[in-house]
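The values are calculated or read from the model by the stated rules, or taken from the named source; none is laboratory data. This one's a predicted model, so the numbers in the text were calculated from it and none came from an experiment. Glycine also receives a Cβ, built like all others from the backbone with ideal geometry; neighbour counts cover every protein chain displayed. Ligands, DNA and RNA are stripped out before the accessible areas are found, and what is left, the full protein with its side chains, is counted by its heavy atoms. Shrake-Rupley method; radii C 1.70, N 1.55, O 1.52, S 1.80 Å.
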Amino acid sequence: MTPIKIIILGAGYAGLTASLQLQKQSLGDQVEVTLINKNHYHYQTIWLHRNAVGVNTKEQTAFDLREILDLERIRFIKDKVTAIDCDQQVITTSNGEYPYDYLIIGLGSEIDSFQIPGLKEHAYSITSLSRSTRLFDQIMASLLQYSQTTMETPFHLIVGGGGFTGVELLGELTERLPELCSEMGISPSQIKLKSIEYEPTVLPEFDLELGEYAMQQLEKRHVEFYLGTKIRSVSKTSIKIERSGLVEDIPVDLFVWTAGVKGHHLIDQMNIPSELGRVEVEADLTAPGYPNIFIIGDVALIRNQEGKPYLPNADIAIQKAKVAVHNLLVKLNQKGQSQSFIFKNRGTIASIGSKDAIGVTGKGRRIFGRLASILKKISDYVFLFQMGGFKLIWYQFIKQKNKK
Ligand SMILES: Cc1cc2nc3c(=O)[nH]c(=O)nc-3n(C[C@H](O)[C@H](O)[C@H](O)COP(=O)(O)OP(=O)(O)OC[C@H]3O[C@@H](n4cnc5c(N)ncnc54)[C@H](O)[C@@H]3O)c2cc1C
């Protein structure tokens, strides 16, 4: 008898959690679980702002899938998925085709340029480990180049987007740039760090008070904010912005775009209704009309009781993976009760550098400063625990120790 084939796409928070959950099951020879991911590693997306400034190395943020998976139980294929045919039940990758009986899709988010001219060509981003590493290399190369000039005009580093990712990146930059400048003989005052945000406040996903706090802390560290400002176009040396109806060009040496993310482009190419790379899934996390396909992580859209989509984050991605695996096992074993997904909000915290942060606890309490920063660091490990238990925390601990 040919085994039942389960394929998991993507080894992010959602896909890796699903793989580790399935790995724990005694599925026997009659079930074959395959994980397909474009890299041989999982990376902690929530640490990418640290990679972008060189505080974290690639090794610290990446987890080698061949080391954390039981390859006897999970077949791992390092390959790039290029198409998902949900009617023929076949996954196409750069190097092959894989038929499936059940599919779990966790391909994550991608950058959305909102069709801004020049953005794709000239902006750096931090949506993946390779992009973050590329940004750090570019920061170093640009500063080095600048240090070899007369340094008469300032160096402009502009971050597009004052949301969660933008603020976390600005926080790291304010701490790291002075160090890098002194290494290269540049006066830190020569660096103009700017943030451009379309909304009238930063961190629009939090409440006004938290956004104000974050902005004040960053302003104290000399970040200049352009709020209520639209980016019209980007070129190598300038950005055309519009605020209060006035259009102007501001100079730029390095531009990082953190504002727009959308679900994976392959989602919109499947024969399933979707919008901006996200599928509004059924309560059991299957795709509408496809009870053998589970969609989890950032590519699954779920609404709260008020009908508003939950913001994608690592916590909800992990929770979705666990419910999807439970429901898949119910189908496989033909016993037990399928679960409807209910999000358990455990709070969200955004860092503003290594010693400051803002956030909201699961009970809706606002937190600031040192306490929030400590809770943020603890939550990093809580995520690891939720994904892979103490084994994953231990793996990270040993990895860090060996690097020292
Ligand atoms: C810089 C940054 C900071 C963030 N900080 C936080 C935070 O502090 N807290 C928080 O809760 N959330 C944070 N988020 C959001 C959070 O990281 C995402 O919501 C979470 O990663 C979603 O998990 P996922 O598994 O859906 O996708 P991902 O974790 O992005 O995983 C997707 C996986 O799919 C793989 N993949 C993609 N395309 C292909 C392909 N074609 N073929 C094969 N494999 C592919 C990728 O390599 C990746 O391994 C942050 C996001 C970013 C970008």
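Applying the criterion of being at pLDDT 95 or above and assigned to a loop (DSSP other than H, G, I, E, B) to the residues of segment 97-116, the residue that is surrounded by the fewest Cβ atoms within 10 Å (Cβ to Cβ) is Asp101. Residues in segment 48-89 that are under 30 Å from Pro273 (Cβ atoms) and either assigned to a helix (DSSP H, G or I) or of a type in the set (A, V, I, L, M, F, W, C) (or both): Ile77, Val81, Ala83, Ile84, Cys86.
Apart from one condition, Gln396 fits all of (1) open to solvent by 40 Å² or more (accessible area, probe 1.4 Å); (2) more than 14 Å from the ligand (Cβ to nearest atom); (3) more than 23 Å from Thr174 (Cβ to Cβ); the exception is (1).
Only one of the numbered conditions (1) β-branched (Val, Ile, Thr); (2) surrounded by 19 or more Cβ atoms within 10 Å (Cβ to Cβ); (3) farther than 19 Å from Phe164 by Cβ is not met by Val90, and that is (2). Taken over segment 256-287, residues that are closer than 15 Å to Phe341 by Cα and open to solvent by less than 50 Å² (accessible area, probe 1.4 Å) amount to 6. Taking the criterion of being open to solvent by less than 60 Å² (accessible area, probe 1.4 Å) and either under 26 Å from Ile241 (Cβ atoms) or over 28 Å from the mean Cα position of the chain (by Cα) (or both), the residues of segment 180-196 that qualify are Cys181, Met184, Gly185, Ile186, Ser187, Gln190, Ile191, Leu193, Lys194, Ser195, Ile196. For Ile186, indicate whether it is free of Cβ contacts under 8 Å to residues at least 60 places away in the same chain, touching a strand residue (DSSP E or B) at 6+ places or on another chain (Cβ under 9 Å) and not in a helix (DSSP H, G or I). Yes: the conditions hold for Ile186. Given the condition within 11 Å of the ligand (Cβ to nearest atom) and β-branched (Val, Ile, Thr), answer yes or no: does some residue in segment 313-325 qualify? Looking for residues that are within 11 Å of the ligand (Cβ to nearest atom) and β-branched (Val, Ile, Thr), one finds at least one in segment 313-325, hence yes.
Looking at segment 236-355, the strands (runs of 3 or more DSSP E) lying wholly inside it that each contain 3 or more residues that are closer than 19 Å to Ile105 by Cβ and of a type outside the set (D, E, K, R) sit at 290-295.
Scanning segment 7-47 for residues that are aliphatic (A, V, I, L, M) and in a helix (DSSP H, G or I), we see that the one that is surrounded by the fewest Cβ atoms within 10 Å (Cβ to Cβ) is Ile46. Checked against the criterion of being over 19 Å from Asp298 (Cβ atoms) and near the ligand (Cβ under 10 Å from one of its atoms), segment 94-105 contains one or more residues that satisfy it.
For segment 125-155, the set of residues classified as within 12 Å of the ligand (Cβ to nearest atom) and not in a loop (DSSP other than H, G, I, E, B) consists of Leu129, Ser130, Arg131, Ser132, Leu135, listed by residue number. Taking the numbered list (1) touching a strand residue (DSSP E or B) at 6+ places or on another chain (Cβ under 6 Å); (2) modelled with pLDDT under 95; (3) closer than 22 Å to Gly353 by Cβ; (4) surrounded by fewer than 19 Cβ atoms within 10 Å (Cβ to Cβ) in turn, Glu209 passes all entries but (1).
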